[in-house]
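The values are calculated or read from the model by the stated rules, or taken from the named source; none is laboratory data. Worth saying up front: this structure is predicted, and the values here are computed from it rather than measured. Note: ideal-geometry Cβ built from the backbone for every residue, glycine included; neighbour counts use all protein chains shown.
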Amino acid sequence: MAEGKTILGPDAPDQRWLEDPRHRDWLRSDAIRQIDFFRRSLRPDGGFDALETDGTPIPGAPQELHATTRMVHSFAMAHAAGAPDCAEVIEAGLAYIWSRHRDPDHGGYLWSLHPDGRIDRDVKLAYGHGFVLLAASSARAVGFDQADPILADITQVIETRFWDDGAGLLFDEFTRDWQPFSEYRGYNSNMHGCEALMAGFEATGDVGYLDKAGRILDFFTARIAPAHDWRIPEHFTPDWSVDMAYEGDPMFRPRGTTPGHSFELARLLLQYWDLRRRPEGDMPARARALMQTALDDAWVADGGGFVYTLDYAVAPQITDRYWWPVTEAIGVLAAFLKIEDRPEDEAWYRRVWGAAADLFVDAERGGWIPEVDAAGRPAPRQFIGKPDIYHALQADLLPLAPGLSRSIDALKGSDLLAP
């Protein structure tokens with residue numbers, strides 16, 4: 001584990017990595033490598049290319065809404081931390097969201113566009129619209145006025161098209177002219193919607209965003225997770241009953257449960273708890289139950305990382321290991337290490353970072369390899385190239401930021417990524 005030793009510093013169990021200068025320097029170095037790698041995706045026309053693993057553009061690849069918006073959010077975080085030359089990427093991304101993804105005829109935001117500007121897929125998905133809110137909120141938080149009309153527009157679209165006030169959750173998908181084309185209800189879009197709603201609150205102070213995030217979290221962490229032994233089914237019927245038979249896209253809507261999403265939701269629950277000024281109650285306990293169950297269920301003892309999905313009997317289903325569950329485990333473990341001093345959390349944090357370095361981090365070229373097979377070899381089955389910067393950059397920056405919430409504000413003025 002040579003690269004892991006670069007991260008480790010001293011092996012002493014009583015020395016916390018979050019405070020260790022060598023570990024923090026490694027996080028900064030990896031963040032800078034990622035920013036340098038993904039900056040090259042910006043095209044002269046203001047769009048973003050999808051990138052091969054070596055950083056060359058993938059010819060003809062469509063530009064998807066979540067990719068555009070994640071670039072804006074990620075470079076806003078980097079900008080806050082003092083990385084140079086981020087403004088061009090943020091401004092180009094905001095312009096592309098407003099002038100290309102936004103649908104001038106029916107409102108809302110189109111899912112994907114060809115590099116020449118033609119529409120690729122014109123559906124309106126809650127998943128993508130949540131990331132529009134995240135991007136606009138993050139860009140506003142670092143002072144980009146271009147974000148303001150997008151933030152106002154996406155807030156209105158979510159409120160009038162996607163928000164189901166009776167359920168306190170989000171509808172999932174519509175045609176371009178807002179006709180529902182399925183009865184599907186999903187966890188993934190709501191989880192990322194919760195993330196975006198909290199970013200909206202952090203950027204504006206409007207408690208309406210936070211109230212909606214709280215209702216989503218309450219449904220999944222106080223009702224669904226405890227009823228399923230702290231594993232969260234992904235798919236639901238229109239009345240929000242679990243749909244155990246559903247099986248869709250193997251990346252975005254696989255059958256069964258996705259342990260990486262438990263890590264993600266646990267971190268978001270801690271962020272919400274912090275934004276609510278840490279009220280008395282069981283939110284940290286819920287977050288820990290989600291995290292620990294996923295660690296125990298999905299960790300691959302021989303080689304590290306996590307299986308992607310489990311069936312409903314908790315047997316591994318998709319056994320290829322992806323980069324993003326590792327990044328989300330890092331994020332929630334770092335959050336717990338900021339509020340509790342548990343040796344087992346420190347051990348897991350080190351263990352997961354060691355697997356990240358061995359399996360996914362591309363220290364030579366920048367960015368992370370997205371998926372490996374059972375032998376730990378790159379296996380481009382679900383992903384082509386390196387999909388985006390969002391998950392892995394947050395794995396670097398969230399441990400560096402103090403606190404559990406308002407990470408962009410916490411990074412401002414830190415110059416962590418300054419030359």
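Brief remarks on what is shown
- Checked against the criteria, Ser241 does not count as at pLDDT 95 or above, of a type in the set (S, T, N, Q) and within 17 Å of the chain's Cα centre (by Cα).
Yes/no per residue for (1) under 24 Å from Arg321 (Cα atoms); (2) of a type outside the set (Lys, Arg); (3) crowded, with 20+ Cβ neighbours inside 10 Å; (4) touching a residue at least 40 places away in the same chain (Cβ under 8 Å):
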site: Phe219; (1), (2), (3), (4): no, yes, no, yes
site: Ile224; (1), (2), (3), (4): no, yes, no, no
site: Thr258; (1), (2), (3), (4): yes, yes, yes, yes
site: Phe263; (1), (2), (3), (4): yes, yes, yes, yes
site: Leu270; (1), (2), (3), (4): no, yes, yes, yes
site: Ala289; (1), (2), (3), (4): yes, yes, no, yes
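- Here Gly205 clears all of (1) more than 19 Å from His66 (Cα to Cα); (2) touching an Asp or Glu at 6+ places or on another chain (Cβ under 7 Å) except the condition numbered (2).
- Output for the stretch 296-313, where each listed residue is surrounded by fewer than 16 Cβ atoms within 10 Å (Cβ to Cβ) and in contact (Cβ under 8 Å) with a residue 60 or more places away in the chain: Gly303, Tyr312
- Scope the stretch 290-309; condition outside any loop (DSSP other than H, G, I, E, B) and either more than 20 Å from the chain's Cα centre (by Cα) or β-branched (Val, Ile, Thr) (or both); matching residues: Thr293, Asp296, Asp297, Val307, Thr309
- Glu173 vs. criteria among the acidic types (Asp, Glu), buried (at least 20 other Cβ atoms within 10 Å of the Cβ) and more than 14 Å from Ala135 (Cα to Cα): yes
- If only residues of the stretch 1-38 that are at pLDDT below 95 and among the small types (Gly, Ala, Ser) are counted, the one that is farthest from Arg350 (Cα to Cα) is Ala2.
- In summary, Ser407 fulfils each of the numbered conditions (1) surrounded by 18 or more Cβ atoms within 10 Å (Cβ to Cβ); (2) of a type in the set (Gly, Ala, Ser); (3) in contact (Cβ under 8 Å) with a residue 24 or more places away in the chain; (4) touching a Ser or Thr at 6+ places or on another chain (Cβ under 7 Å) with the single exception of condition (4).
- Of all the residues in the stretch 232-267, those that are of a type in the set (Lys, Arg) and more than 25 Å from Asp165 (Cα to Cα) number 1.
- Residues satisfying the stated conditions in the stretch 43-67, i.e. among the charged types (D, E, K, R), surrounded by fewer than 22 Cβ atoms within 10 Å (Cβ to Cβ) and under 22 Å from the mean Cα position of the chain (by Cα): Asp49, Glu52
Residues are listed down the side, and each one gets a yes or a no for (1) within 27 Å of His66 (Cα to Cα); (2) touching a Leu at 6+ places or on another chain (Cβ under 6 Å); (3) not aliphatic (A, V, I, L, M):
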residue	(1), (2), (3)
Trp230	no, yes, yes
Phe236	yes, no, yes
Arg253	yes, no, yes
Trp273	yes, no, yes
Asp296	no, no, yes
Trp299	no, no, yes
Ala315	no, no, no
Trp323	yes, no, yes
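- Only one of the numbered conditions (1) at pLDDT below 95; (2) more than 25 Å from Pro59 (Cα to Cα) is violated by Pro402, and that is (1).
- Failed criterion for Arg253 (all others in (1) of a type outside the set (Phe, Trp, Tyr); (2) under 19 Å from the mean Cα position of the chain (by Cα); (3) crowded, with 20+ Cβ neighbours inside 10 Å; (4) on the phi < 0 side of the Ramachandran plot hold): (3)
- Residue in the stretch 259-282 that is over 16 Å from the mean Cα position of the chain (by Cα) and among the small types (Gly, Ala, Ser) present: yes
- Val332 being touching an Asp or Glu at 6+ places or on another chain (Cβ under 8 Å), β-branched (Val, Ile, Thr) and either surrounded by fewer than 22 Cβ atoms within 10 Å (Cβ to Cβ) or more than 25 Å from Ala213 (Cβ to Cβ) (or both): no
- You will find that of Arg33, Arg102, Arg40, Arg70, the residue that is surrounded by fewer than 23 Cβ atoms within 10 Å (Cβ to Cβ), among the charged types (D, E, K, R) and under 23 Å from Ala401 (Cβ atoms) is Arg33 and no other.
- Pro370 being surrounded by fewer than 16 Cβ atoms within 10 Å (Cβ to Cβ), at pLDDT 95 or above and in contact with a helix residue (DSSP H, G or I) (Cβ under 6 Å, 6 or more places away or on another chain): no
- Listed here are the helices (runs of 4 or more DSSP H) enclosed by the stretch 1-116 that have at least 1 residues being without any contact (Cβ under 8 Å) to a residue 60 or more places away in the chain and β-branched (Val, Ile, Thr): 87-96.
- Of all the listed residues (Phe252, Phe220, Phe201), the sole one being under 28 Å from Ile330 (Cβ atoms), in contact with a helix residue (DSSP H, G or I) (Cβ under 7 Å, 6 or more places away or on another chain) and modelled with pLDDT under 95 is Phe252.
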